[in-house]
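First comes the structure, then the notes that go with it.
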Amino acid sequence: DTGVSQNPRHKITKRGQNVTFRCDPISEHNRLYWYRQTLGQGPEFLTYFQNEAQLEKSRLLSDRFSAERPKGSFSTLEIQRTEQGDSAMYLCASTGAHIGTDPNEAFFGQGTRLTVV
Amino acid sequence: AQSVTQLDSQVPVFEEAPVELRCNYSSSVSVYLFWYVQYPNQGLQLLLKYLSGSTLVESINGFEAEFNKSQTSFHLRKPSVHISDTAEYFCAVTMNYGGSQGNLIFGKGTKLSVKP
């Protein structure tokens with residue numbers, strides 16, 4: 001297993017365009033989290049899934065943001081009508097709950113850096 | 001609601017000197033505490049965690065942190081740093097759900113710069 005994978009690593013888009021990011025968690029990890037990190041700040045929680053169910057959404061997740069995890073494996077985060085304020089690093093993390101895993105250790109991907117121009 | 005304060009945004013130290021990175025948290029409920037490290041051009045990695053039991057926890061590369069409930073602190077220390085410890089360190093908390101992790105609340109991070 002190569003860890004949590006995020007694609008693309010970098011995305012530059014024009015204001016008003018839609019963008020979609022993908023996260024592939026560690027296989028068999030049932031929980032998947034999305035965070036956003038802006039310059040000089042720590043990561044901020046956006047949303048998380050347990051299997052395919054989206055269990056919690058932060059108030060940071062405006063109605064322009066939508067996340068899915070249709071088969072309980074990979075997840076996508078879509079931002080519609082992007083704004084300059086959406087420029088940030090978008091991080092994905094996963095945790096496992098099965099025997100042999102530590103449910104309290106989140107494994108992070110390297111993130112997708114979004115720049116809205 | 002929980003919050004995390006990392007008082008120092010940057011800490012420059014010389015190699016082999018001791019270092020302490022400070023972290024204070026606020027929460028009305030029981031929490032789990034974590035330190036994550038981010039090396040240049042890499043993702044966040046778990047350094048150490050406190051869930052319960054001994055208040056002093058250690059990492060495999062010589063860092064330690066002590067949970068102090070009365071002071072609501074979880075400071076990270078290392079008695080002698082190496083150039084390779086240069087990285088950004090994030091303190092984080094999550095509510096104690098009794099066995100599984102909820103979402104993490106992070107501090108703003110402390111950039112540790114180790115100079116020769």
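Where a number appears in this text, it was derived from the coordinates with a stated rule and is not lab data. As the structure is a prediction and not an experimental result, all values here were calculated from the model. Please note: Cβ atoms are built from the backbone with ideal geometry, for glycine as well, and neighbour counts cover all protein chains shown.
Using only the Cα atoms of chain B, what semi-axes does the equivalent ellipsoid have when each is the square root of 5 times a gyration tensor eigenvalue? Give whole Å, largest first.
Working: eigenvalues 114, 39, 33 Å².
Ellipsoid half-lengths, sorted descending, are 24, 14, 13 Å.
Shielding by partners for B:29-39, please: the mean number of other protein chain Cβ atoms within 10 Å of each residue's Cβ. Numbers along the way, then the final one.
Details: counts 0, 0, 0, 1, 0, 3, 0, 5, 0, 6, 0.
Mean inter-chain Cβ contacts per residue within 10 Å come to 1.
Highest GNM mean-square fluctuation, chain A, Cα pairs closer than 10 Å: which of A:Ser27, A:Ser94, A:Ser75?
A:Ser27
May I ask for the net charge around B:Leu48, where only other residues with Cβ less than 15 Å from the Cβ of B:Leu48 are counted and Lys, Arg are +1 while Asp, Glu are -1?
Working: positive: B:Lys49, B:Arg77, B:Lys78; negative: A:Asp102, A:Glu105, B:Glu20, B:Glu58, B:Glu64, B:Glu66, B:Asp85.
Residues close to B:Leu48 contribute a combined charge of -4.
For a quick check, take a GNM of chain B with Cα springs below 10 Å and name the residue from B:Ser70, B:Ser30, B:Ser52 with the largest mean-square fluctuation.
B:Ser70
Averaging over all projection directions, find the projected area of the Cα convex hull of region A:1-72 and quote it in nm² with one decimal place.
Working: hull surface 23.4 nm².
Value for region A:1-72: 5.8 nm².
Once the piece of chain linking B:Ser26 and B:Leu7 is laid out straight, how much longer is it, given 0.36 nm per residue of separation minus the C-alpha distance between them?
Numbers: separation 19, 0.36 × 19 = 6.84 nm, distance 1.36 nm.
Net length gain for the segment: 5.5 nm.
Among B:Tyr89, B:Tyr39, B:Tyr25, which one shows the biggest mean-square fluctuation in a GNM of chain B, springs joining Cα atoms closer than 10 Å?
Comparing B:Tyr89, B:Tyr39, B:Tyr25 in a Gaussian network model of chain B, the most mobile one is B:Tyr39.
All other residues with a Cβ under 10 Å from the Cβ of A:Phe74 taken together, and with Lys, Arg as +1 and Asp, Glu as -1, what is their net charge? Spell out each step's value before the answer.
Working: positive: A:Arg22, A:Arg69, A:Lys71; negative: A:Asp24, A:Glu68.
Net of charged neighbours comes to +1.
Place a point 7 Å from the Cα of A:Thr20 along the Cα-to-Cβ direction; which residues of region A:69-109 have their backbone N under 19 Å from it?
Flagged as within label range: A:69-83, A:90-92.
Given the Cα atoms of the protein assembly as shown, and with Rh set as the inverse mean 1/r over their pairs in the Kirkwood sense, what is Rg to Rh to two decimals?
Working: Rg = 17.7 Å, Rh = 18.3 Å.
Radius of gyration over Kirkwood radius for the protein assembly as shown works out to 0.97.
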